[in-house]
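First up is the structure itself, then whatever we jot down about it.
The values are calculated or read from the model by the stated rules, or taken from the named source; none is laboratory data. These numbers come from a predicted model, not from an experiment. Cβ placement follows ideal geometry from the backbone for every residue including glycine, while neighbour counts extend to all protein chains displayed.
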Amino acid sequence: MLTLALIGCGRISFKHIEAAYNNKDRIRLLACCDPKTDRAEAKRAEYLKAVPDASVKVYADYKAMLAELKPDICAIATESGYHPVISIACSEAGAHVICEKPMALSTTDADAMIAAAKKAGRTLTVCFQNRFNAPVRKTRDALEAGRFGRMLHGAVQIRWNRNEAYYAEAPWRGTWALDGGTLMNQCTHGIDLLQWMMGEDALRVQAATRRFLRPIEAEDFGAAIVEFASGAVGIIEGTADVYPTNIDETLSLFGSTGSVVIGGLAVNKVETWRFADAEKIGDTEAVVLNPSEKDPPTVYGFGHSALYADVLDAIRDGREPLVSGEKGRKALEIILAIYKSQKTGLPVDLPTTFSTKEMKGEFD
């Protein structure tokens, strides 16, 4: 039985509590940490409802927790800008790390996190839980089986609403120092899925971003074209300005012998499933499409529990998790290249180095 500490008990933390008790036969929550200890107390109570015999401590200071408890795994769900320093401290304390997205706000910090985990011989995982959605898994299996043929182009569209109340609730949101904008916060999952399906080898990014409506430093809209090593092209569209509420997050993939569109609130519904070998395989659209499938209750979906299970398997088996630090860095680099393209007005070749802090004043 491995032990877990949750660091950061805000908006997304309930998904980590859920993942912990859904894997309760393999992992036990040991501590909840947050400078606002009332939030940590609330998460402790939430977990104890499901696992009443657990012993969970509350800390305001994660460093004190690391020194006293030495957990096997730390889940980091703090403000994005604090992820690197906390992740490195956890690795150095001997803990495996499950880090919420984005893993960092600069390529340099992401590299430091990866290096710290490797030096300590620990696992670093980035929370791209949508990789574990059933339609995404099914599509990935088709891709690995070669059913798409030559991948030609793909697109991800994130058409959501984040209103002024959302940003007022937590003033760090939308800042260059601690968050970045819509692409970094809301769209990073879709960007990860796009690059994962298109070959994980982005070479060039051309982009335009805007701050249209929201009272933030960073962008509330972004669009980009991403060129991959194979010659395939990816298109990114992300916004927090959709009126009046969220519409969808959609991933579209087009190959020479296959087309798939996954939509729904959070890439959770197959909308198009067409392959040249569909009749032979027996998975034509008429078989695959399920019009009664419902959206998850939140945009976070259902993937955290499966992601935790993958991490636990990886630790047990001595392998890399599906979303290792290196894998999680790829989406981050694309987003930072988008920002750099906006700042310079030029295409950006990858690999590149950049930080959200270099965008300071871009929309002033």
Quiz item: So Met184 fits all but one of (1) farther than 18 Å from Ala218 by Cα; (2) in a helix (DSSP H, G or I); what number is the exception?
Solution: (1)
Self-check item: the stretch 269-302, residues that are of a type in the set (Phe, Trp, Tyr), closer than 26 Å to Ala145 by Cβ and in contact with a helix residue (DSSP H, G or I) (Cβ under 6 Å, 6 or more places away or on another chain)
Solution: Trp273
Quiz item: For residues in the stretch 28-47 being hydrophobic (A, V, I, L, M, F, W, C) and surrounded by 16 or more Cβ atoms within 10 Å (Cβ to Cβ), which is nearest to Thr78 (Cα to Cα)?
Solution: Cys33
Self-check item: Condition met for Ala45 (more than 18 Å from Ala95 (Cβ to Cβ), at pLDDT 95 or above and outside any strand (DSSP E or B))
Solution: yes
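Yes or no, residue by residue, for (1) at pLDDT 95 or above; (2) under 16 Å from Leu332 (Cα atoms); (3) within 19 Å of the chain's Cα centre (by Cα):
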| residue | (1), (2), (3) |
| --- | --- |
| Leu183 | yes, yes, yes |
| Gln195 | yes, yes, yes |
| Met198 | yes, yes, yes |
| Ala202 | yes, yes, yes |
| Ala208 | yes, no, no |
| Gly222 | yes, yes, yes |
| Phe228 | yes, yes, no |
| Gly238 | yes, yes, yes |
Quiz prompt | Subset of the stretch 295-315 (residues that are free of Cβ contacts under 8 Å to residues at least 60 places away in the same chain and touching a strand residue (DSSP E or B) at 6+ places or on another chain (Cβ under 9 Å)) | solution = Asp295
Quiz item: Residues in the stretch 155-171: is at least one crowded, with 18+ Cβ neighbours inside 10 Å, in a helix (DSSP H, G or I) and not charged (D, E, K, R)?
Solution: yes
Quiz prompt | Selection from the stretch 303-326 of residues that are in contact with a helix residue (DSSP H, G or I) (Cβ under 9 Å, 6 or more places away or on another chain) and either aliphatic (A, V, I, L, M) or surrounded by 21 or more Cβ atoms within 10 Å (Cβ to Cβ) (or both) | solution = Gly303, His304, Ala306, Leu307, Tyr308, Ala309, Pro321, Leu322, Val323, Gly325
Practice problem: Output the helices (runs of 4 or more DSSP H) that fall wholly within the stretch 262-349 and possess 1 or more residues being assigned by TED's automatic domain parsing to the domain that holds Ala19, touching a Pro at 6+ places or on another chain (Cβ under 7 Å) and at positive phi, or say none. | Solution: none
Exercise. Could you list all residues from the stretch 268-310 that are among the aliphatic types (A, V, I, L, M), under 18 Å from the mean Cα position of the chain (by Cα) and at pLDDT below 95?
Key: Val299
Quiz item: Any idea how many residues of the stretch 121-154 are on the phi > 0 side of the Ramachandran plot and not in a loop (DSSP other than H, G, I, E, B)?
Solution: 0
Quiz item: Just checking, which of Leu6, Leu30 is in a strand (DSSP E or B), under 22 Å from the mean Cα position of the chain (by Cα), in contact (Cβ under 8 Å) with a residue 12 or more places away in the chain and not assigned by TED's automatic domain parsing to the domain that holds Ala170?
Solution: Leu6
Practice problem: Residue by residue through the stretch 82-119, note down the ones that are part of a strand (DSSP E or B) and surrounded by fewer than 24 Cβ atoms within 10 Å (Cβ to Cβ). | Solution: Ser106
